[in-house]
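Report on the structure given below.
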Amino acid sequence: MLDNWKCRMCGSRAYQFNPRSMRLACSECRSPISTAEEMKAKVQLEKTLAFAKQHLHVGNYSECRNLVLPLLDQYPADKRVYLMLLACSTKGYTDLHITDDEIRCEAAEYWDKLERLRCVNNAMIDYARRIRKRTNDETSKKRRKHIAALLCTCFLLLIFIAAGQPFLIVCGFIATSIVLWRIGKVVFTSLFKEPTRNSTYSNSNPFL
Ligand SMILES: [Zn+2]
C-alpha cells in the first residue's frame, strides 16, 4: 500500500494497522504513519478549531457550535471538541442558569465526555463551584423568606388573640398552619431528596 515507505524513527520498512490508535504504525517501534489523507484531515481539523476559537473568543457561540459539532463524529476522543462545545453551551462559562433543557442536556453530555477523557480543567471546576454557590444562595434566600413569613403570621396571630376577635384568631391559625405546612414540605423534601454528586465532588458534573 505504501510504496518505498521507511520508518523515520527506526528505519524499518514493515508496518501494520494499530486497532487501538486506528492508524497505520511501524511494526518495530509503533510510530504512527501519517498518510497524505491523514495529514490533510489533520490540517483541516486544526483550521476548523482555530476558526471556531476565534468565534468563541468574540462570543459567537452558535457560529462556533455549528463549526465544531460536525467534528464530533470524526474525532470522538478529541478533548478540544468537547471543551469548545461546552464553552458554547455555557456561553464561555458565564451562564450559571441554563434554562433551555436541550442545551443543558448537551452540556451535561459534553461534561461527561470530558470526565471520561480525564480533561476536567480549572475553568470547569470554577464554573461548577459558582453554580453550586448560586444554588446554595437561592436555597438560603428561600429559607429566609419562609422564616420571615412564619414570624409575621405568628405576630399577627398574637395580635388577633390579644384583640379577642374569634374570627380573626381562626384566620390567624389558618394562615400559620399554611406557612408551617409549606415550611414542613420544603424540609421534608430536602430530607428525602437523594444527595447529588455536586455536594460530594467539587469537580462533578453540575448539570446532573
Ligand atoms: Zn519504526
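For segment 11-26, which positions are near the ligand (Cβ under 9 Å from one of its atoms) and either in the same structural domain as D78 (by TED's automatic domain parsing) or surrounded by 14 or more Cβ atoms within 10 Å (Cβ to Cβ) (or both)?
S12, Y15, A25, C26
All but one of (1) more than 16 Å from the ligand (Cβ to nearest atom); (2) over 30 Å from E138 (Cα atoms) hold for C105; which doesn't?
(2)
Go through segment 44-59 and give me each residue that's aliphatic (A, V, I, L, M) and under 13 Å from A87 (Cβ atoms). Don't jump to the end; show me each part of the working.
Looking only at segment 44-59, we keep the residues that are aliphatic (A, V, I, L, M), and these are 45, 49-50, 52, 56, 58.
Result: L49, A52, L56, V58.
Could you tell me whether segment 127-137 includes any residue that is surrounded by 10 or more Cβ atoms within 10 Å (Cβ to Cβ) and either among the aromatic types (F, W, Y) or at pLDDT below 80 (or both)? Step through it out loud before you land on a result.
Restricting attention to segment 127-137, the residues satisfying the condition of being surrounded by 10 or more Cβ atoms within 10 Å (Cβ to Cβ) are 127-137.
Retained after the next criterion (residues that are either among the aromatic types (F, W, Y) or at pLDDT below 80 (or both)): 127.
The answer is yes; a qualifying residue exists.
Please go through segment 1-10 and give me each residue that is modelled with pLDDT of 80 or more and more than 8 Å from the ligand (Cβ to nearest atom), ordered by number.
W5, K6 - these are the residues of segment 1-10 that are modelled with pLDDT of 80 or more and more than 8 Å from the ligand (Cβ to nearest atom).
Taking the condition of being in contact (Cβ under 8 Å) with a residue 40 or more places away in the chain and outside any helix (DSSP H, G or I), how many residues in segment 114-133 meet it?
Restricting attention to segment 114-133, the residues satisfying the condition of being in contact (Cβ under 8 Å) with a residue 40 or more places away in the chain are 115, 117, 119-120, 124-125, 127-129, 131-132.
From the residues that got through so far, the ones that are outside any helix (DSSP H, G or I) too are 117, 119-120.
Going through segment 114-133 one residue at a time, the tally reaches 3.
I'd like to check which helices (runs of 4 or more DSSP H) are fully inside segment 1-110 and have at least 2 residues that are of a type in the set (D, E, K, R) and in contact (Cβ under 8 Å) with a residue 12 or more places away in the chain. Write out each step before concluding.
Values: elements: 36-57, 61-68, 71-74, 79-89.
By residue number, 36-57, 79-89.
The values are calculated or read from the model by the stated rules, or taken from the named source; none is laboratory data. Note that the coordinates shown come from a computational prediction; the quantities given were computed from them, not determined experimentally. Here Cβ is always computed from backbone atoms with ideal geometry, including for glycine, and neighbour counts include all displayed protein chains.
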